[in-house]
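To start, the structure under review is shown below, and the notes come after it.
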Amino acid sequence: MSSIPNTWESDRLKDVAAVNVSSLPADTPADYEFDYLEISNVDYHGIVDPKAIERLRYEDAPSRARRRISANSTAISSVRPNLRAIAFVADARADFVCSTGFNVVEPRPTKLSPKFAYYVLISENARQYFEAAATGVGYPAVGDKQFNSIAIPLPPLPEQQRIAAFLDASCMAIDAAVAAKRGQLEILDALRKAVIQRAVTRGLSDNIVLETTGNVWIKSVPQGWKLVCLKRIAEIQGGLTLGKQYEGLLIERPYLRVGNVQDGHLDLEDVSVIELPENVAARVELRPGDVLMTEGGDLDKLGRGHLWNGEIAGCLHQNHIFAVRCFRHKLTPMFLAYVTASKYGRDYFEATGKKTTNLACTNATKVGEFPIPLPRVEEQEAICTYLEEKLGEVKRIAATIEAQIAALTAYRKSLIHECVTGQRRITESDSNRVKAYG
């Protein structure tokens, strides 16, 4: 614990709060129903979506669904503390239960204000303590002894309540500003998609009807354009099927998964590695200029197109990603990437893909039948140059907004830390001001 004001005290958590005092007993009736909060329902800002909390019967619930949550308590994950799954529960019905992966903290009202306790537990001091105390490599967790021993700063109770009220109002204002910024990013993303759609189709999609059977009718195409099946102007390469056992000398190679191909960008922070023979790797190695098309998954992942520029040398791709190699005298890779990423491309893959409840997938045949709106190569290049300029402007604006979000988020964390450690003293006028003006 950082140094605190001389007028404050400090004590172990277990001495100022009760932790995990109530659980469902082993003889709970099989038909007993409860709302179940699991760790995936919670992030740094609390419960992500109340509608996502499941209603379960005891006999159908996982064995970890046992810990009761009371009102005015804080549920904090003891596993993977770096994920910051922490929620303050102001109101809780008697049948509100969480995973045993949470610790449920119920402050003693004469010692510790419930909301002040939440802010202490979500502070940077607490994060550093829990991450240092966690043990285990793949699934690090904080033991009960270490959790109960965290030092809790204890200003006088009226000051705790004043700090909590100030942080409630301040964080609400910051979160509202962040939400507004994220709304701006959504508008920019919609603009990006609209710009791409207009440039690569010139209204062509209005003249095409796609049935779920995959039949395509063409009424007309822009003058000077053609509509050509992709298999006639490109080679389509399937990817690597995992799980096979290989003999002989194996080498390590990086390989892309569907999750690495995002909407409008590549996410290369977490690229997998696989061991296999060199001759096998050569058949599924990506080359600069390949256009990556995703086979499926969630509906919004179907058919994403992105140009591979050789970002990782010797990289392979899994079988859920197609690598499309354009015949460049007919089709430029960047133009194909834009067509695939456009609403026109998304509509085609969603219309022709095989669907389940909330998933969809395509195959090499459907990729090959993808009708590409095809102007002359020179016009394709001009369109790509135009899009690079326009989308560059969108990216620059988005980067500015993302930097603003990062600054607001950092300020929120800093403010909580300063308030709960006494580095910033909160007066009654501070609370009144922030409540009135945010």
Environment charge of VAL377, counting only residues whose C-beta is closer than 9 Å and scoring Lys/Arg +1, Asp/Glu -1: 0
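Multiply the residue separation of LEU83 and ALA410 by 0.36 nm, subtract the distance between their alpha-carbon atoms, and state the gained length in nm to one decimal.
Numbers: separation 327, 0.36 × 327 = 117.72 nm, distance 1.59 nm.
Computed gain between LEU83 and ALA410 is 116.1 nm.
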Interchain or long-range residues, amide H under 5 Å from GLY46's placed H: ILE86
Debye equation applied to the C-alpha atoms of the stretch 79-118, log10 I(q)/I(0) at 0.27, 0.29, 0.31 Å⁻¹: -1.12, -1.17, -1.19
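Rounded to the nearest 500, what is the 222 nm mean residue ellipticity of the chain from helices alone, with -39500 (n - 2.57) per DSSP H run of 4+ residues and division by all residues? Show your work: numbers first, answer last.
Numbers: 11 runs with 158 residues, N = 438.
Helices in the chain give a 222 nm mean residue ellipticity of -11500 deg cm²/dmol.
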Net length gained if the chain between LEU268 and ILE187 were fully extended (0.36 nm per residue, minus Cα distance): 26.6 nm
Intensity falloff of the stretch 105-188 expressed as log10 I(q)/I(0), Debye formula with alpha-carbon point scatterers, at q = 0.27 Å⁻¹: -1.24
The chain - accessible surface per residue (Å², probe 1.4 Å): 50 Å²
Which label in (i) 72, 67, 36; (ii) 79, 54, 45; (iii) 71, 50, 35 gives the computed Cα extents along the principal axes in Å: (ii)
HN-Hα J in Hz across the stretch 388-404 - Karplus 6.51, -1.76, 1.60, θ = phi - 60°, x for Gly and Pro: 4, 5, 5, 6, x, 5, 4, 5, 5, 5, 4, 5, 5, 5, 4, 5, 5
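Could you work out the Rg to Rh ratio of the stretch 45-142, with Rh taken as the Kirkwood radius (inverse of the mean 1/r over all Cα pairs)? Don't skip to the answer; put the middle values down first.
Numbers: Rg = 14.0 Å, Rh = 14.4 Å.
Result: Rg/Rh = 0.97.
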The chain: angle of helix 124-133 to the longest principal axis, Cα-based, in degrees nearest 10: 80 degrees
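Students often get this wrong, so check it: of LYS115/LYS145; LYS193/LYS413; LYS111/LYS145, which have C-alpha atoms separated by over 27 Å?
Values: LYS115/LYS145 23 Å; LYS193/LYS413 34 Å; LYS111/LYS145 21 Å.
Pairs exceeding the cut-off: LYS193/LYS413.
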Label point distance in nm, TYR386-GLU9, each placed 7 Å from Cα along Cα→Cβ: 7.3 nm
Cα centroid separation, the stretch 72-120 to the stretch 375-415 (Å): 39 Å
Whole-percent carbon and sulfur share, accessible surface of the stretch 1-153, 1.4 Å: 47 percent
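Using a Förster radius of 25 Å, what is the FRET efficiency between VAL394 and ALA176 based on their Cβ-Cβ separation? Nearest 0.05, please. Don't skip to the end; give the middle numbers.
Numbers: r = 24 Å, r/R0 = 0.97.
After rounding, the FRET efficiency stands at 0.55.
Hey, can you rank 54-61, 75-82, 251-258 by average C-beta count inside 10 Å, highest first? Numbers along the way, then the final one.
Working: 54-61: 13.1, 75-82: 21.1, 251-258: 18.9.
Packing proxy ranking, top to bottom: 75-82, 251-258, 54-61.
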Point-to-point label distance, GLU252-ALA30, nm (Cα→Cβ direction, 7 Å offset): 5.1 nm
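The values are calculated or read from the model by the stated rules, or taken from the named source; none is laboratory data. Because the structure is predicted, anything quoted here is derived from the model rather than measured. A quick note on method: Cβ atoms are made from the backbone with ideal geometry, for glycine too, and the neighbour counts reach across all protein chains shown. Surface accessibility is based on the protein's heavy atoms, side chains included, excluding ligands, DNA and RNA. Shrake-Rupley method; radii C 1.70, N 1.55, O 1.52, S 1.80 Å.
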